[in-house]
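The values are calculated or read from the model by the stated rules, or taken from the named source; none is laboratory data. From a predicted model like this one, the values you see are computed outputs, not experimental measurements. So basically every Cβ, Gly included, is an ideal-geometry build from the backbone, and we count neighbours across all protein chains shown. Ligands, DNA and RNA are excluded from the accessible area calculation, which covers all protein heavy atoms including side chains. Shrake-Rupley method; radii C 1.70, N 1.55, O 1.52, S 1.80 Å.
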Amino acid sequence: MKILVTGGAGYIGSHTVVELAEAGYEPVIVDNFVNSQESVLAGLRAILGRDVPCYRVDCIDRAALRGVFEKEPGIGAVIHFAAFKAVGESVRKPLAYFENNTGSLLTLLEVMREFGVENLVFSSSCTVYGIPDALPVTELTPTKPASSPYGRTKQMCEDIIHDTAAAPDAHLRGILLRYFNPIGAHASARLGELPLGVPNNLVPFITQTAAGLRDKLTIFGSDYATPDGTNVRDYIHVGDLAQAHIAAVRRLLERTAPEAVETFNVGTGHGNTVLEVVHAFEQASGLKLNYVIGPRRAGDVPAIYADAIKAAQVLGFTTKTSLLDSLASAWQWQLTLADG
Ligand code: NAD
Ligand code: WQD
């Protein structure tokens, strides 16, 4: 069974391609490499021992996307990762985010309908919850107005999928996966996160600091109402996150879902503070990290973590990798990058 993976050369997409192939599916990648590198394909080849078909196509380009569906008959489901994902950049370039993130979904849905492909897994985000009133957040926790254009694109895309599936002649079945904070790398250290420039996210900033590429980590605020004053997040290993997609694809192909569109949190169900992550990294790497406490970062949610029960009960999905092991894998990946 072929599974089309848009954004399959990216961080989460590439790990999902590995898990799909190892589960016996035939992944087909569509990526325009706007935020990834061709070297990812070599990493996939090294892990899987074969090439994964990859089309250098922009999902907004309808003719090119149609071309992929023509050349790859028998696609059973699409996993749609392709999007821009930098929160700060989305504030500076909102139109680029609306165009790329919603535009690519619209084109994809039209082409899927034309080719009779009915199953879609969509990369959503815990950012749709904004600053939640109670923790942990369940899938029924109301979404809040998004704090960035990026977050709004995720809310809009969720709505677009719901409305498209609800149309009278629709055959679309969707699973919306709301990821919490993905971290870490493949155990082989052949795949991992490749941030361009200065990383925005915590873990690549930590590993780059430990590797001497950055002077120090600044922790954004220590006066929050959390156990040690720093923000709380739900950090999930990217390999575990990838497994959630396999469970979602299976559920769509089995056609047992009672609703056309289902939503799942994908997290560990456990929150960690920034300082806990720093100390866990020190333990995992055996290094001391140079860090300082700085001011709060505008727009940060003080604390959020997933209620992971629905994913466990309905998808049979639970995480397996500890925070320590996740950070150890991130560090191994950083060391591999340093080796060139
Ligand atoms: P990534 O940037 O590493 O991967 C996205 C991939 O999509 C890249 O390879 C990029 O080149 C490609 N792409 C972007 N626009 C495209 C287009 N128009 N056509 C074809 N390819 C295109 O990001 P990621 O971290 O792997 O995230 C994957 C998805 O998960 C995104 O939708 C992101 O919003 C979502 N998400 C990410 C996180 C996170 O913290 N990493 C958290 C929640 C949700
Ligand atoms: C994690 C924690 C920071 C860097 C973002 C998006 C969200 C989702 C995941 C896509 C926070 C702290 C960070 C640093 C720090 N992405 N931090 N110093 O903010 O939870 O979520 O990525 O959907 O939409 O907003 O992740 O990795 O940026 O930060 O202290 O140099 O680390 O304040 O508490 P975040 P992050």
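Each 10 Å bin from 0 upward holds the following percent of the Cα-Cα pairs of the stretch 277-340: 16, 29, 36, 18, 1. For the chain, the alpha carbon convex hull comes to 127 Å³ per residue, rounded to a whole number.
Here the stretch 211-340 is treated with +1 on each Lys and Arg Cβ and -1 on each Asp and Glu Cβ, and its dipole about the Cα centre works out to around 160 debye. Here the simple spin-label model places points 7 Å from the Cα toward Cβ, and for Gln283 and Lys216 these points are separated by 2.5 nm. Assuming charge only on the beta carbon of Lys and Arg (+1) and of Asp and Glu (-1), the dipole of the stretch 1-87 about its Cα centre is about 100 debye to the nearest 20. For the chain, the longest principal axis of the C-alpha atoms and the axis of helix 62-71 are separated by about 70°. Relative to the current alpha-carbon distance between Leu106 and His171, full extension at 0.36 nm per residue lengthens the span by 21.9 nm. Under 5 Å between amide hydrogens, built in the peptide plane, is the criterion, and for Tyr291 it picks out Leu217 among residues at least 5 positions away or on other chains. For the stretch 152-260, GluC sites (Glu not before Pro) meeting the loop criterion (DSSP other than H, G, I, E, B) and having at most 15 other Cβ atoms within 10 Å: Glu259. Once you order the gyration tensor axes a ≥ b ≥ c over the Cα atoms, which shape class does the stretch 218-340 get: rounded for a/c under 1.5, otherwise prolate or oblate by comparing a/b with b/c? Cα axes put the stretch 218-340 in the oblate bin.
For the chain, the longest principal axis of the alpha carbon atoms and the long axis of helix 238-254 meet at an angle near 20°. Indicate the gyration tensor shape class of the stretch 117-162 (rounded, prolate or oblate), computed on the Cα atoms with a ≥ b ≥ c the square roots of the eigenvalues: a/c under 1.5 is rounded; otherwise a/b larger than b/c is prolate and the rest oblate. Oblate. For the chain, the longest principal axis of the C-alpha atoms and the axis of helix 274-285 are separated by about 90°. Between Tyr55 and Ile29, Val30, Asp31, the built amide H atoms are under 5 Å apart, and every one of these is 5 or more places off in sequence or on another chain. The distance separating the Cα centre of the stretch 4-22 from that of the stretch 221-299 comes to 19 Å.
With the charge dipole of the stretch 204-340 set up from +1 on Lys and Arg Cβ and -1 on Asp and Glu Cβ about the Cα centre, the Cα lying farthest toward the positive end among the listed residues Gly269, Ser329, Tyr224 is that of Ser329. Convex hull volume per residue, computed on the Cα atoms of the stretch 56-131, equals 96 Å³. Computed from the C-beta positions of Glu22 and Asn200 and an R0 of 35 Å, the FRET efficiency is 0.70 to the nearest 0.05. For the stretch 116-148 versus the stretch 151-203, the inter-centroid distance based on Cα atoms is 10 Å.
Computed from backbone phi with θ = phi - 60° and the Karplus coefficients 6.51, -1.76 and 1.60, the 3J(HN,Hα) list for the stretch 40-53 is 4, 5, 5, x, 5, 5, 5, 6, 8, x, 7, 7, 9, x Hz; x is used for glycine and proline. Helical content alone sets the calculated 222 nm signal of the chain at -11500 deg cm²/dmol, taking -39,500 (n - 2.57) per DSSP H segment of four or more residues and averaging over every residue. Largest accessible area first, the residues Thr141, Thr318, Thr336 order themselves as Thr318, Thr336, Thr141 under a 1.4 Å probe with ligands, DNA and RNA left out. DSSP beta bridges fully contained in the chain are about 5 percent antiparallel.
Using a probe of 1.4 Å on the protein chains alone, the accessible area found for His270 is around 110 Å². When trypsin sites (Lys or Arg not before Pro) are flagged only if DSSP places them in a loop and at most 10 other Cβ atoms lie within 10 Å, the longest unflagged stretch of the chain comes out as 51-254. If you count Lys pairs in the chain whose Cα atoms are under 16 Å apart, skipping same-chain pairs closer than 8 places in sequence, the total is 6.
Placing +1 on each Lys and Arg Cβ and -1 on each Asp and Glu Cβ, with no other charges, gives the chain a dipole about its Cα centre of roughly 360 debye. Taking the accessible area of the chain, probe 1.4 Å, and keeping the other protein chains in place, the carbon and sulfur fraction comes to 52%. For the stretch 6-76, GluC sites (Glu not before Pro) meeting the loop criterion (DSSP other than H, G, I, E, B) and having at most 13 other Cβ atoms within 10 Å: Glu38. Ser147 contributes about 90 Å² of solvent-accessible surface, heavy atoms of the protein only, 1.4 Å probe. Here's how it looks for Ile175: its modeled amide H is under 5 Å from those of Leu120, Val121, Phe122, Glu262, which are all 5 or more places away or on a different chain.
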